[in-house]
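Visitor: Here it is, the structure, as C-alpha cells.
The values are calculated or read from the model by the stated rules, or taken from the named source; none is laboratory data. Here the structure is a predicted model, which means the values were calculated and not measured. All Cβ positions, glycine included, derive from the backbone under ideal geometry; neighbour counts span all protein chains shown. Surface accessibility is based on the protein's heavy atoms, side chains included, excluding ligands, DNA and RNA. Shrake-Rupley method; radii C 1.70, N 1.55, O 1.52, S 1.80 Å.
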Amino acid sequence: MKKKIAVLPGDGVGKEVTKGAVEVLKAVANCFEHQFEFTYGLIGGDAIDQVGNPFPDATVQICQQADAVLLGSVGGPKWDALPANIRPEKGLLAMRKTLDVYANLRPVSFYQSLIDASPLKKEYIEGVDFIIVRELLGGIYFGEPRERKVEQGEEIAIDTLVYKRTEIKRIIESAFEIASKRGKKVTSVDKANVLESSRLWREVAEEVAKQYPDVALEHMLVDAAAMHLIRNPKRFDVIVTENMFGDILSDEASMLTGSLGMLPSASLSTTGPSVYEPIHGSAPDIEGQNKANPIAAILSAAMLLRHSFELEEEAKVIEKAVGQVLNAGHRTADLSIDGKGCISTTKMVGEIIDAIVDDSAISKIMTCYT
Ligand code: IPM
Ligand code: MN
C-alpha cells in the first residue's frame, strides 16, 4: 500500500513523541511492505515563531494532500502572553475545523501490567475498556460571540456555547455505530438539567437511538459522569459527549490507565484526511529531556493505520508490541511508581520497534527491518 502521511510535530514533547511514532510507522511499513511518504508541516507555537501563524497555509496544503495526519501537541508558556487569535491552540482548533474532523475517538484501555501505575484501586480498574466519543468542532470552543469588553464600567468576558441539531446528530450516530460493533451501550453525557444545548443534545440522542434497537442508550449528567468514571468505570462502553465535557472527562479517564501519556486519539472526518494525536499536551516541563512517554503517540499511529488505511493487522501488531514491552517491565518516568529504572523516550520507541520486528506472525512470513 502506498500512502501519504502529513506529520505535524508541534511544540514541546510533541516533537519527541511524533518522531517515535514515525519510526514505528516506518518499521511497520518495512515489515508489511507498504510505502508511507511523510511530509512535515508547522503548527502551533513553532509555526508562530517561524511564520507568524499557528496554522499556516503551507500546512493546510500539506494536510489536504495527505491521506492522514499525525500530530504531536501544541502550546507552551513561551506563547501564553500572545493575543487569543495567534495562540498555538488556535492553530490546533483551526486545523480541526479546516479538516472537518468532528468525531474525536479516545479509547481507554486497561493494561494488566500497569495496574500499579494507576492511582486507583486495582478492583476498580481491572478490565476497564471503553471509548470516549468527543464532539470536536462545536460547543463553547467555537461559539460566537467570544469577546472581552467593558459594560457599565464592569469588565466582562463572553464565550458562547452553541450546538446545531445536525452537529449533534452526526456525532451521536458515530457513537452508535461504534457501540453496535462493541458492547452495544451508549452513555450520552450532558448537563440537561441546566443547559439548553444539552436538552437538544438529549432529544437528538433519543431520536438516533431509535435507529439502533440493539444498542442501549443511557443519559448521564456530566458531574455524575465524572464521579462514575472513578467509582465504576467498568460500566461504560461508549461515552458520547460535547466538546468541552469530552476534553475534561478524557483527561480524567486517562488516570484509569496509569498516565496521560497512554491515551491515543483519532479525529475522524468523512470528507478528507483524519487526524491522529495523543491526548496529552506539550508538557513543557519535560520538553527536550528524552523523558516523555511515546506510547500515546505510537498508539495514535496504530489508530491511523486502522481507521484511515484499514490496516487492522498492522494496527494490532503495534498494540500488541506496546503490551509486550509493558509486560516486560519497561516504563517511562510517568509510569514508574518510584522513578527508579525508567527508560527514555527513544529507548521505549526502540523496545516497541524490536517487539514489532520480533512478532512471530510477521517474522514467519518475512524478514524485515534490520
Ligand atoms: C486536547 C487538548 C486541546 C483541546 C487543547 C490543546 C486546545 O487539550 O486535545 O484535549 O482542548 O481540545
Ligand atoms: Mn485536553
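Visitor: Applying the Karplus parametrisation 6.51 cos²θ - 1.76 cosθ + 1.60 with θ = phi - 60° to the phi angles of segment 319-336, what ³J(HN,Hα) value in whole Hz is obtained for each residue in order, glycine and proline being reported as x?
Guide: After applying 6.51 cos²θ - 1.76 cosθ + 1.60, I find 4, 5, 4, 4, x, 5, 5, 5, 4, 6, x, 6, 9, 7, 4, 4, 9, 8 Hz.
Visitor: Next question, about the same structure. Would you mind working out the magnitude of the charge dipole of segment 13-111 relative to its Cα centre, with +1 at each Lys and Arg C-beta and -1 at each Asp and Glu C-beta, to the nearest 20 Debye?
Guide: 300 debye
Visitor: Right, something else. Counting alpha carbon pairs within less than 8 Å and at least 6 residues apart, what relative contact order, in whole percent, applies to segment 118-257?
Guide: 38 percent
Visitor: Kirkwood hydrodynamic radius, segment 22-144, all distinct C-alpha pairs: what's the number in Å?
Guide: Result for segment 22-144, one decimal place: 17.4 Å.
Visitor: From the phi of every residue in segment 4-18, what ³J(HN,Hα) in whole Hz does the Karplus formula 6.51 cos²θ - 1.76 cosθ + 1.60 yield, where θ is phi - 60° and glycine or proline is x?
Guide: Karplus values, whole Hz, x for Gly and Pro: 9, 10, 7, 10, 10, x, x, 10, x, 5, x, 5, 5, 6, 5.
Visitor: Let me ask you something else. What share of all Cα pairs of segment 73-176, in percent, falls into each consecutive 5 Å distance bin?
Guide: 2, 9, 13, 15, 13, 13, 14, 12, 6, 2, 1, 0
Visitor: Where does each of 188-194, 306-312 land if you order them by average Cβ count within 10 Å, highest first?
Guide: The peptides rank, most packed first, as 188-194, 306-312.
Visitor: While we're on this one: Using label points projected 7 Å from each Cα along Cα→Cβ, tell me how many nm separate ILE248 and ARG235, to one decimal.
Guide: The modelled label-to-label distance comes out at 1.9 nm.
Visitor: Show me, for segment 160-170, the HN-Hα J-couplings you get by feeding each phi into the Karplus relation (A = 6.51, B = -1.76, C = 1.60, θ = phi - 60°), rounded to Hz, glycine and proline as x.
Guide: Calculated HN-Hα couplings, in order: 10, 9, 9, 9, 8, 3, 5, 5, 5, 4, 5 Hz.
Visitor: Tell me whether segment 118-257 comes out rounded, prolate or oblate; compute the Cα gyration tensor, take square roots of the eigenvalues as a ≥ b ≥ c, and use a/c under 1.5 as the rounded threshold.
Guide: oblate
Visitor: How about LYS78: which aspartates and glutamates have a C-alpha closer than 14 Å to its C-alpha, ignoring those fewer than 8 places off in the same chain?
Guide: ASP11, ASP46, ASP49, GLU89, ASP285, GLU287
Visitor: Additional query: Using 0.36 nm per residue, how much length does the chain from ASP49 to GLU196 gain when fully extended, once their Cα-Cα distance is taken away?
Guide: 48.9 nm
Visitor: Sticking with this one: Would you give the gap between the C-alpha center of segment 154-218 and the C-alpha center of segment 312-332, rounded to a whole Å?
Guide: If you average the Cα positions of each part, the centres end up 33 Å apart.
Visitor: Now, a different point. Using a 1.4 Å probe on the protein heavy atoms, what percent of the accessible area of the chain belongs to carbon and sulfur?
Guide: Values: 8350 of 16190 Å².
Answer for the chain: carbon and sulfur cover 52 percent of the accessible area.
Visitor: Which aspartates and glutamates, if any, have their Cα less than 12 Å from the Cα of LYS4, not counting same-chain residues under 8 positions apart?
Guide: Once the sequence-local aspartates and glutamates are set aside, what remains near LYS4 is GLU37, ASP67.
Visitor: Helix-only estimate, please: 222 nm mean residue ellipticity of the chain, summing -39500 (n - 2.57) across DSSP H runs of length 4 or more and dividing by its residues, to the nearest 500.
Guide: -13000 deg cm²/dmol
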